[in-house]
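Let me begin by presenting the structure, written as structure tokens, before commenting on it.
The values are calculated or read from the model by the stated rules, or taken from the named source; none is laboratory data. Given the structure is predicted, the values throughout are model-derived calculations rather than measurements. FYI the Cβ positions are ideal-geometry reconstructions off the backbone, even for glycines, and counts take in every protein chain you see.
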There are 2 protein chains.
Amino acid sequence: MPDLSRLLRARSVTLIGASDNNPWCAMVARGLAAGGFEGPVHLVNARGNQALGRETVRSCTDLPEVDAAFIAVPAAAIGAAIEDMAAAGISHGVVVTSGFAELGGEGKRAEERLFGRAAELGVTLMGPNSLGFANLVDKVCLSAIPLRPALPSSGVALVSQSGATSAMLYSFAHQQGIGLTHSVALGNEAMIDLCDVVEFLLDDERVKAVAIFAESIRDAGRFRAIAERALKARKPIVVQKVGVGELTAAVAQAHTGALVGDDRVFQAACDAYGVMRASSIEDLIVTAGLLASTGPIDAEKGFALISASGGACEIAADGGELAGVPFPPFADATRDRLGEVISAYGATHNPFDITGAVMAKPEMYADAVRAIGMDGQFGLIGLITEVGESEAATSPASLGMIRATARGLADIDVPVVLIQQYLKPVSEFGRTVLAEHGLPALTGGLDHAMRALGRLWHWSRRVALPPPTATTATASSAELPRGERATLEFLSGHGVPVIPQRVVRTTHEAAAAAAEIGGSLALKILSPDIAHKTEVGGVALHVPPEEAGAAFERILASARTKCPDAEIQGALVSPMREEGVDLIVGVVRDPVWGLAIAVGLGGIWVELLKDSALRLLPVSRGEARDMLLSLKAAPLLTGYRGTPALDIDRIAEAIVGIGNAAIALGHGLEALEVNPLRVTAACPEALDALAVGRPS
Amino acid sequence: MPDLSRLLRARSVTLIGASDNNPWCAMVARGLAAGGFEGPVHLVNARGNQALGRETVRSCTDLPEVDAAFIAVPAAAIGAAIEDMAAAGISHGVVVTSGFAELGGEGKRAEERLFGRAAELGVTLMGPNSLGFANLVDKVCLSAIPLRPALPSSGVALVSQSGATSAMLYSFAHQQGIGLTHSVALGNEAMIDLCDVVEFLLDDERVKAVAIFAESIRDAGRFRAIAERALKARKPIVVQKVGVGELTAAVAQAHTGALVGDDRVFQAACDAYGVMRASSIEDLIVTAGLLASTGPIDAEKGFALISASGGACEIAADGGELAGVPFPPFADATRDRLGEVISAYGATHNPFDITGAVMAKPEMYADAVRAIGMDGQFGLIGLITEVGESEAATSPASLGMIRATARGLADIDVPVVLIQQYLKPVSEFGRTVLAEHGLPALTGGLDHAMRALGRLWHWSRRVALPPPTATTATASSAELPRGERATLEFLSGHGVPVIPQRVVRTTHEAAAAAAEIGGSLALKILSPDIAHKTEVGGVALHVPPEEAGAAFERILASARTKCPDAEIQGALVSPMREEGVDLIVGVVRDPVWGLAIAVGLGGIWVELLKDSALRLLPVSRGEARDMLLSLKAAPLLTGYRGTPALDIDRIAEAIVGIGNAAIALGHGLEALEVNPLRVTAACPEALDALAVGRPS
């Protein structure tokens, strides 16, 4: 991966294409100055004309050593600019010019040509079609977005594949009092992609959380690697990814020329590494802000909320139930203490309605915080807080509440989060007064805060577990098994229980195999040329052993009549299995994410109800268990209305084996399906299976 | 219902309990003045002490005629205040004092006593525990909530069962530039409830939409009546109802002493009348604001969005797909025109990325608006718009966009909505500049706007249809049928196809009936004392006619052995039916909402998957169709993988009949279940049914 410090921490820059007619360069020059850039800012103009009231040079070679360039020349002049940079030894830059891959066709080819040449010359470029970046912690804002003055850092770094959206995200974060460490607008990612930048950011200790606005993930392997890195570093990644619907896929392709992959597979990748999905600009920033502020919490413990508004308590309770925020009831001793705090008013539930009485007596907040902090069950305490734009615009009750909360907190070791009831700007006064009292920044509104808290619990649980096993895609792939029998044998070699089968070539062999297997039997013709055996009369079920020879003759005759050209090698004899729960286990290759495994109940369950679970391969037994238990139909496996509970661990092991078999088949595999994996009280068993190779 | 104009449009008021130690009265007095109240404000103090720097009187009887009182005396003095009001002929008031039903037990009894007495005296009171109301259009703010100065009315009226939440809703609406007509904080609803106030508001022509924050609906019949009134008046009602989760039910009960009903039944009630549900404070206000502004649109048509940000287009497309906002593709002629607008940049999808080129050339907005307006497919055009706090803080590009949009709109007859990309305050400058150009107020952020637009389409479709049939609960109820046979006969009398059954009392009768019916038969014992017939061996299936006599004797003997005390009247003989799709149709009585009908597939489908549809009774055939088609399992009815499509209309008729039968059973009915309603290609047919009476 490219080393981006020379670019993102540049100590000297040049603006290529600077002229009084070029708004980009003027914006960048203003941004550098406003952002406090301390190094030299050079200007290059091909004609040597004055620009921005200053002298320019005609070529980068006329400059002293420079770390990075901002390139704002017409598309036709990009090539020359790159050659000039290389000649001057400038190794990094941002290209703001648009009109490349986002137009498709010729634009895409031009981009490949120009940026391929840059790579040959050792020049690493962000863009094209990039609005640049603001490194606010190092005061390097090489950005064509007009940015409000930086706030004190909240530890949130922002990366966006959409330039205009990056501006919106910055503005919204600013409104909410969330100071970003970085804001990067990637553009077309011809050389520097999302993962390069996120990796750089994760390595910066001032970055506590990464917020991403993404249209498409181009390199799934890299994304998994950075997601794992973030997990190990206990730095949350929150992603708002568009292109969930079909319509957006078309719009996104038009916008940046990027293909949008299958969202369910992306979700599976996120699930594996604890990457969180946000559903809106507001959600993305509020979530990243909260998680950067708290870091992982003790997710075995619960959340308690205090508000003087019963309505807020109800909203929080509903929202928390939906988002997965645990609100355990208070311990009896805590209820007694809280009962004393609110005397006769209200009741001591969690969320805790401290009642309007607190307006006149803010010390109640301190007492409530202490009581809840000493309960022992809580990993985080939330308080609904309103702070105005100034001291005058803030009610004395609110200020009293802030002071009392700080006093209460001094006596306990549970962190707090302060939540605004609805989404409104966080004023400088608000930030300052909370900081003065040693309190964290305001979060919210309540609706977004509850979702963010749900993710905090989810992520904190995930961080406490080991990362997923690394993908072990075998370099040399096993040969693809052809047909049902070979596929089942291959699966058996990977520890998957498969139904016993005998190959029989004659009536005599059929009868002998039948006698040996005993019980009711199934016979199927064995032919590499016939996929749908039932339809050609090539299957006989519930055959008693003594009738096996006749059945063999009947199915062969039928298949020969119906498919006179097929090579028929004989038949497979296997025992008839009792009824059970039929699962489908399918491995498919996603064009972006590689092999993914899906588990669902057979037939209508998967098709009508989309009741399936999906994970990237490989899966551990624990993950396979989680997949099974996440199905709506899980009660059919765990016992329902007196049906016996099946052995989930053995089913999970079979799923792991199917996944490993798929991995072993390597790059040649397109899909592998076991249908059904029949599960009875006795065991899971693959009754039929098929492997499909990749189109070459 | 009480006439509330004397209260909500009071022209003279008195504050009872006015004293310098009483913060409520000071707040109300300030609010009246700030709100522009033009009538007299009297003060009553039991000791006649000065208050708020003014003289007081000891009794209301010392005052001239007064329309309404604000009562802020201790709980123990409420009774005397009411007597005093009545003696003075003051017929209306608000009681802010708390400590009544919200405490349960004694508080509830005291409330009933005091407000019962008020009713006897002809005094109508809002509250207790009410923070009062602000009638902003008539400048009567009898409210204990400090309110920001009223904005120009946006036609949104607000009613809240939670006082503190009502303050938050007001503040949020103010932040978003949405001027309310009214804001009412109901408190405990001892005499004046949600429906009384909503009915009053619907009758005010200045009210275009009603936003409700509700904890519980106390009178379901009234709620249905006002919902129908709103539907006929084409005024949208948007409700944020808490108490969806189990936890909140407990909190709500503590908060206002209100029981929280079953949310699914409430949803069914909302569905019937086009009442919309909002999920947060932000959602409630943004939705009500949008719908008050647009009124019903032509929902047969689609929505088009224009933005200079491709990211915003993608967010809108994803959000719209989720929320049900139709984004039809542009007609070819429109695409040609839009292609000219953006020349070589981007592509002409809907949502339409007008590209950053528009910054330099705002006239592109006018051209795009005209092109889309003339397409003919669009009922509303949205534009992503950002306006700052002042002209200086607003980019020239934004102002150019506003002017160009206004020019474009002048040439077409499609309305527009202007959407902020994220949720931020709407400045006075923003409101003014848009109004000057004849443009509607800003909506959004985009995330909330897309949900609001989804509801706009949904509601506009609903408004175009007739209201539901009125409930026809029969005054005198039919006698409850006892047992399967009687219930099926009763259903048959209401047009439900039921399986033919013969009652047989002897072996001879059984054989004769069997011969007459013919084919494979089912026999079941007939006994009012045995509910589970299979478990006592009282059922024989697949019986050939010639074995019917023997089967009759066998099941009677078995039942007599197992249940020696049961009265056994004989058996039922009916034809065995072929396999089909088994539906369950159940009518249940919700304690709040009355009879509701649920339809789902039998067994596991309903139990594990919660795959059922619910409506309040009565249902029309069209609604019954919608219920069936809304099931996840609907493809099993409409044809799936080669299975035949079943006759949905006949199934819907059977459901209507079951609903009518339940209504006819009237007040004595607790539940009526048809299980199964077997559906085959031939017909739907109730195979078994049971009616359960209400516990007396």
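Cβ-Cβ below 8 Å, separation at least six or inter-chain, first residue in segment B:316-343 and under 22 Å from A:ILE281 (Cα atoms), second surrounded by 15 or more Cβ atoms within 10 Å (Cβ to Cβ) and of a type in the set (S, T, N, Q): which pairs?
B:ALA316/B:SER307; B:ALA317/A:THR248; B:ASP318/A:THR248; B:GLY319/A:SER280; B:GLU321/A:THR248; B:PHE327/B:ASN350
Residue-by-condition table, conditions (1) surrounded by fewer than 19 Cβ atoms within 10 Å (Cβ to Cβ); (2) not in a helix (DSSP H, G or I):
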{"site": "B:ALA613", "(1), (2)": "no, yes"}
{"site": "B:MET627", "(1), (2)": "no, no"}
{"site": "B:LEU637", "(1), (2)": "no, no"}
{"site": "B:TYR640", "(1), (2)": "yes, yes"}
{"site": "B:THR643", "(1), (2)": "yes, yes"}
{"site": "B:LEU646", "(1), (2)": "no, yes"}
{"site": "B:ARG650", "(1), (2)": "yes, no"}
{"site": "B:ILE655", "(1), (2)": "no, no"}
{"site": "B:ALA661", "(1), (2)": "no, no"}
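Looking only at segment B:663-680, how many residues end up being of a type in the set (Val, Ile, Thr) and surrounded by fewer than 18 Cβ atoms within 10 Å (Cβ to Cβ)? Step through it out loud before you land on a result.
Restricting attention to segment B:663-680, the residues satisfying the condition of being of a type in the set (Val, Ile, Thr) are B:663, B:674, B:679-680.
Then drop every residue that is not surrounded by fewer than 18 Cβ atoms within 10 Å (Cβ to Cβ), which leaves B:680.
Residues flagged as of a type in the set (Val, Ile, Thr) and surrounded by fewer than 18 Cβ atoms within 10 Å (Cβ to Cβ) within segment B:663-680 amount to 1.
Can you tell me which of A:PRO575, A:PRO591 is farther than 30 Å from A:ASP626 by Cα and within 45 Å of the chain's Cα centre (by Cα)?
A:PRO575
Considering only residues that are surrounded by fewer than 23 Cβ atoms within 10 Å (Cβ to Cβ) and either within 14 Å of another protein chain (Cβ to nearest Cβ) or out of contact with any Ser or Thr (no Cβ under 6 Å at 6 or more places or on another chain) (or both), which ones fall in segment A:165-190?
Passing the criteria: A:SER171, A:HIS174, A:GLN175, A:GLY177.
For segment B:314-326, check the following and say yes or no: at least one residue is more than 10 Å from every other protein chain (Cβ to nearest Cβ) and not hydrophobic (A, V, I, L, M, F, W, C).
Scanning segment B:314-326, I find at least one residue that is more than 10 Å from every other protein chain (Cβ to nearest Cβ) and not hydrophobic (A, V, I, L, M, F, W, C), so the answer is yes.
Out of segment B:373-396, which residues are under 20 Å from B:LYS301 (Cα atoms) and surrounded by fewer than 21 Cβ atoms within 10 Å (Cβ to Cβ)?
Listed by number, the residues that qualify are B:GLY373, B:MET374, B:GLY376, B:GLN377, B:GLY379.
Yes/no per residue for (1) out of contact with any Asp or Glu (no Cβ under 8 Å at 6 or more places or on another chain); (2) within 14 Å of chain A (Cβ to nearest Cβ):
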position: B:ALA596; (1), (2): no, no
position: B:LEU601; (1), (2): no, yes
position: B:SER620; (1), (2): yes, no
position: B:GLU623; (1), (2): yes, no
position: B:LEU629; (1), (2): yes, yes
position: B:LEU637; (1), (2): yes, yes
position: B:ALA652; (1), (2): yes, no
position: B:GLY657; (1), (2): yes, no
position: B:ALA664; (1), (2): yes, no
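Looking at (1) at pLDDT below 95; (2) in a strand (DSSP E or B), which one does A:ALA150 not meet, given that it meets all the others?
It is condition (2) that A:ALA150 fails.
For residues in segment B:402-450 being surrounded by fewer than 20 Cβ atoms within 10 Å (Cβ to Cβ) and acidic (Asp, Glu), which is nearest to the other protein chains (Cβ to nearest Cβ)?
Only one residue tops the list, namely B:GLU428.
All but one of (1) touching a helix residue (DSSP H, G or I) at 6+ places or on another chain (Cβ under 7 Å); (2) surrounded by 15 or more Cβ atoms within 10 Å (Cβ to Cβ) hold for B:ARG694; which doesn't?
All conditions pass for B:ARG694, except number (2).
Looking at segment A:359-370, is at least one residue within 12 Å of chain B (Cβ to nearest Cβ) and either under 39 Å from the mean Cα position of the chain (by Cα) or crowded, with 18+ Cβ neighbours inside 10 Å (or both)?
Checked against the condition, which is being within 12 Å of chain B (Cβ to nearest Cβ) and either under 39 Å from the mean Cα position of the chain (by Cα) or crowded, with 18+ Cβ neighbours inside 10 Å (or both), segment A:359-370 yields no hits at all.
Being surrounded by 15 or more Cβ atoms within 10 Å (Cβ to Cβ), among the aliphatic types (A, V, I, L, M), in contact (Cβ under 8 Å) with a residue 24 or more places away in the chain and more than 25 Å from A:SER395 (Cβ to Cβ) is the requirement here; does B:VAL44 meet it?
yes
Of the residues B:THR534, B:THR561, B:THR487, B:THR507, which single one is touching a Phe, Trp or Tyr at 6+ places or on another chain (Cβ under 7 Å) and farther than 30 Å from B:LEU231 by Cβ?
B:THR507
Residue-by-condition table, conditions (1) in contact (Cβ under 8 Å) with a residue 12 or more places away in the chain; (2) at negative phi; (3) out of contact with any Gly (no Cβ under 6 Å at 6 or more places or on another chain):
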{"position": "A:GLY89", "(1), (2), (3)": "yes, no, yes"}
{"position": "A:VAL95", "(1), (2), (3)": "yes, yes, no"}
{"position": "A:ALA101", "(1), (2), (3)": "yes, yes, no"}
{"position": "A:GLU111", "(1), (2), (3)": "yes, yes, yes"}
{"position": "A:PHE115", "(1), (2), (3)": "yes, yes, yes"}
{"position": "A:ALA118", "(1), (2), (3)": "yes, yes, yes"}
{"position": "A:VAL123", "(1), (2), (3)": "yes, yes, yes"}
{"position": "A:MET126", "(1), (2), (3)": "yes, yes, yes"}
{"position": "A:LEU131", "(1), (2), (3)": "yes, yes, no"}
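Determine whether segment B:185-196 contains at least one residue that is polar (S, T, N, Q) and more than 19 Å from B:PHE115 (Cβ to Cβ).
Here is the first cut: in segment B:185-196, the residues polar (S, T, N, Q) are B:188.
Among the residues that remain, those that are also more than 19 Å from B:PHE115 (Cβ to Cβ) are: none.
Within segment B:185-196 (the criterion being polar (S, T, N, Q) and more than 19 Å from B:PHE115 (Cβ to Cβ)), the answer is no, since none of the residues qualifies.
Of the residues B:ILE212, B:ILE226, which single one is under 21 Å from the mean Cα position of the chain (by Cα), farther than 17 Å from B:ALA278 by Cα and β-branched (Val, Ile, Thr)?
Every option except B:ILE226 fails the conditions.
Out of everything in segment B:333-353 that is within 39 Å of the chain's Cα centre (by Cα) and within 11 Å of chain A (Cβ to nearest Cβ), what residue ends up being modelled with the lowest pLDDT?
Looking at residues that are within 39 Å of the chain's Cα centre (by Cα) and within 11 Å of chain A (Cβ to nearest Cβ), I get B:THR348.
Looking for something in contact (Cβ under 8 Å) with a residue 60 or more places away in the chain and on the phi < 0 side of the Ramachandran plot - is there at least one such residue anywhere in segment B:620-630?
yes
Going by what's in this entry, would B:GLU579 be described as at pLDDT 90 or above and either farther than 30 Å from B:SER620 by Cβ or surrounded by fewer than 19 Cβ atoms within 10 Å (Cβ to Cβ) (or both)?
no
In segment A:576-594, how many are within 30 Å of A:ALA225 (Cβ to Cβ) and touching a strand residue (DSSP E or B) at 6+ places or on another chain (Cβ under 8 Å)?
Residues flagged as within 30 Å of A:ALA225 (Cβ to Cβ) and touching a strand residue (DSSP E or B) at 6+ places or on another chain (Cβ under 8 Å) within segment A:576-594 amount to 8.
Look at A:LEU491 and say whether it is within 14 Å of chain B (Cβ to nearest Cβ), surrounded by 15 or more Cβ atoms within 10 Å (Cβ to Cβ) and modelled with pLDDT of 95 or more. Break it down stepwise before answering.
Numbers: within 14 Å of chain B (Cβ to nearest Cβ): no; surrounded by 15 or more Cβ atoms within 10 Å (Cβ to Cβ): yes; modelled with pLDDT of 95 or more: yes.
In short, no.
Could you check segment A:52-73 and list, in sequence order, the residues that are of a type in the set (Asp, Glu) and under 25 Å from A:LEU4 (Cβ atoms)?
To start, the set of residues in segment A:52-73 that are of a type in the set (Asp, Glu) comprises A:55, A:62, A:65, A:67.
The answer is A:GLU65, A:ASP67.
Determine the pairs where a residue that is closer than 11 Å to A:GLU685 by Cβ, located within segment A:495-510, has a partner that is among the acidic types (Asp, Glu) with Cβ atoms under 8 Å apart, the partner being 6 or more residues away or on another chain.
A:PRO497/A:GLU685; A:VAL498/A:GLU489; A:VAL498/A:GLU685; A:ILE499/A:GLU685
Out of all the residues in segment B:76-117, which are closer than 24 Å to B:HIS42 by Cα, aliphatic (A, V, I, L, M) and surrounded by fewer than 23 Cβ atoms within 10 Å (Cβ to Cβ)?
Residues satisfying the conditions are B:ALA76, B:ALA77, B:ALA80, B:ALA86, B:ALA87, B:ALA88, B:LEU114.
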